[in-house]
Amino acid sequence: MTRMKTATLLAILAAGPVMAADSASLTADLADGQNNARGTVEATETPSGMMHVKIQLMDVPQGIYGAHLHETGLCEGPDFKSAGGHLAQDGEDHGVLAENGPHIGDMPNVHVPENGAITVEYFIPELGADLISDDDGTAFMLHAQADDLTSQPSGDAGDRMLCGVLAEAS
Ligand SMILES: [Cu+2]
Ligand SMILES: [Zn+2]
């Protein structure tokens, strides 16, 4: 453990202060309502201003599931209601099919294949690490059903299946 931390520190030093300042990175460990590990999410700022989000899932039942960033970084199972609604800015409605959509925390559905494992990457425009790391934090949520991309306020995506709190990568 100590050795790994030293290696990380050296890597940061090698990258120099410019890189460190420009690319904040946040990660979340995903768990289901029974606290079983189900994957990870990584959100990294890029020079373009877009957030690069990488989701890696494992041991998830085959299906199509809504994926969002939720406004509160608190994952209390089994229902994960503690994470609140979608991460959103003033005047935003839910979903890309809404005229005033989407919420800044809305992402495309994840299609999990039969083997239960998938990795997907998204770009989210105009999302900075400062918005994710606000006072009450932010959670990534995968729902039990597909997001219809239009129903208010959350795409009719059903129960909350997997949750993870995004925190600065150490
Ligand atoms: Cu959601
Ligand atoms: Zn939404």
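The values are calculated or read from the model by the stated rules, or taken from the named source; none is laboratory data. This is a predicted model, so every value here is computed, not measured. Positions of Cβ are backbone-derived with ideal geometry, glycine not excepted, and every protein chain shown enters the neighbour counts.
What to note about this one:
- Hey, residue 77 more than 12 Å from the chain's Cα centre (by Cα), more than 16 Å from ligand 2 (Cβ to nearest atom), surrounded by fewer than 23 Cβ atoms within 10 Å (Cβ to Cβ) and at pLDDT below 95 or not: no
- Single residue of segment 110-143 satisfying the filter (surrounded by fewer than 17 Cβ atoms within 10 Å (Cβ to Cβ) and at positive phi) that is modelled with the lowest pLDDT: 126
- Residue within segment 101-123 that is within 16 Å of ligand 1 (Cβ to nearest atom), touching a residue at least 60 places away in the same chain (Cβ under 8 Å), farther than 18 Å from residue 30 by Cα and small (Gly, Ala, Ser) present: no
- Taking segment 134-159 as the range and being acidic (Asp, Glu) and in contact (Cβ under 8 Å) with a residue 40 or more places away in the chain as the test, the residues that pass are 136, 147, 148, 159.
- Positions within segment 31-72 being buried (at least 19 other Cβ atoms within 10 Å of the Cβ), within 18 Å of residue 123 (Cβ to Cβ) and under 11 Å from the mean Cα position of the chain (by Cα), in sequence order: 41, 43, 51, 53, 55, 67, 68, 69
- Residue check, residue 95 within 14 Å of ligand 2 (Cβ to nearest atom) and either touching a residue at least 40 places away in the same chain (Cβ under 8 Å) or buried (at least 21 other Cβ atoms within 10 Å of the Cβ) (or both): yes
- With respect to (1) within 13 Å of residue 65 (Cα to Cα); (2) under 14 Å from the mean Cα position of the chain (by Cα); (3) within 14 Å of ligand 1 (Cβ to nearest atom), the lone exception for residue 155 is condition (2).
- Boolean, residue 102 is modelled with pLDDT of 95 or more and over 14 Å from residue 164 (Cβ atoms): yes
- Whichever residue in segment 42-84 is among the β-branched types (Val, Ile, Thr) and assigned to a loop (DSSP other than H, G, I, E, B) and, among such residues, is nearest to ligand 1 (Cβ to nearest atom): 72
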